[in-house]
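Report on one structure; see the data block that follows.
The values are calculated or read from the model by the stated rules, or taken from the named source; none is laboratory data. Here the structure is a predicted model, which means the values were calculated and not measured. Reconstructed Cβ throughout: ideal geometry from the backbone, glycine too, with neighbour counts over all protein chains shown. We work out accessible area using only protein heavy atoms, side chains counted, and drop any ligands, DNA or RNA first. Shrake-Rupley method; radii C 1.70, N 1.55, O 1.52, S 1.80 Å.
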Amino acid sequence: MQIAALIAAHHKPHLLEKLLDRLSAPLWRPYIHLDTKSSLSGFIHLRGKGAFVEDRVNVRWSGFSQVAASLALLRSAYADPANSHFYLMSGQCFPVRSDSDIRAALAAGRGDFFDAVKMPAPTKPLRRLEEWHLADMKPSLLRRALQKFLSRLFPRNVGKLLNGVQPYGGSSWWLFSRPSVKKMLDFLNENPWFVDAFRFTLCPDEMFFQTLALHLGVAPERGTPTFTKWRQGFPHPATVTLEMLDEIDGTWCLMARKFDDPVLLERFAASDSAVARHP
């Protein structure tokens, strides 16, 4: 078993280094996508700790560029037949379980962990697909006006947009087995329309892989393997604090995000031992 750690990074190289050091054990093979807005100079010292994807994308929050970066990571990692699982994470994620526990969790089944809720849902409305969203353009009054213009004059029918495929939504962070990834990449290679259908949608990273997986018969064994704490009314997840660690321990999750304090990372055990806290 070998897990390809698909890491989406754009800042905080000191935290990324901590993550890469933790993923240096035989169970892991790290791949890093660095946003084109980030200078390689700040990350050059990490080149020996993981494989940096050459096909870099200018990533913008809620845009298709997030999916494009994930696909670049996935395709790069899939080229190595030794990779049996593929785990998408950010540079501010960190394992909260030992490698032996993670290995056991994957060995118990296929190893397909992701959230999937049938759309429309309260947190995943169909307007994310019906309206035009140009999030990969630089924010401006022009972009806002163009979105409204396109949505008003050219509203999209979700059924036609997806050729009758039922849309699903869920967390951005997932883990798939190699057979499931093969199904997805083969389908995308033969059906480029599916990629185009999500290109101007809102937060496609929370719909693209979920919809694709369910359409191909890949059902989740469990939900997202990454703990994330959301606060009502906030567009981004809460930063992990000391007070949140007990809550994380109470879940089955394999990782947590988003970390900002390197000291908290030291509270988790090394890769080959059980999770333990320092007093």
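Below is a table of values for the structure above.
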quantity: Per residue, in Å², the accessible surface of the chain once ligands and nucleic acids are set aside, probe 1.4 Å; calculated: 47 Å²
quantity: For T36, solvent-accessible area (1.4 Å; no DNA, RNA or ligand), Å²; calculated: 70 Å²
quantity: Cα extents of region 95-169 along the three principal axes, largest first (Å); calculated: 54, 31, 21
quantity: Cβ-derived FRET efficiency at R0 30 Å, S38 paired with M244, nearest 0.05; calculated: 0.65
quantity: ³J(HN,Hα) computed for each position of region 115-121 - Karplus, 6.51 cos²θ - 1.76 cosθ + 1.60, integer Hz, glycine/proline x; calculated: 7, 7, 10, 5, 8, x, 9
quantity: Segments 116-128, 22-34, 254-266, 139-151 sorted - mean Cβ within 10 Å per residue, highest first; calculated: 22-34, 254-266, 116-128, 139-151
quantity: Convex hull (Cα only) mean projected area of region 211-269, reported in nm² to one decimal; calculated: 5.7 nm²
quantity: Positive minus negative residues near L134 (Lys, Arg vs Asp, Glu; Cβ under 12 Å); calculated: +4
quantity: Choice from S38, S76, S172 with maximal GNM fluctuation in the chain (Cα, 10 Å cutoff); calculated: S38
quantity: Summed residue charge, Cβ within 9 Å of G170's Cβ, Lys/Arg positive, Asp/Glu negative; calculated: -1
quantity: Cα-projected label distance for E221 with K138, points at 7 Å along beta-carbon direction, nm; calculated: 4.7 nm
quantity: Point-to-point label distance, R152-A107, nm (Cα→Cβ direction, 7 Å offset); calculated: 6.1 nm
quantity: Out-of-range pairs (alpha-carbon distance over 29 Å; input K148/K183; K138/K183; K118/K160; K12/K183); calculated: K148/K183; K138/K183; K12/K183
quantity: Spatial extent of region 79-220: Rg and Dmax, with the Cα atoms as the point set, Å; calculated: 17.2, 55
quantity: S41, S90, ranked by accessible area, largest first (probe 1.4 Å); calculated: S41, S90
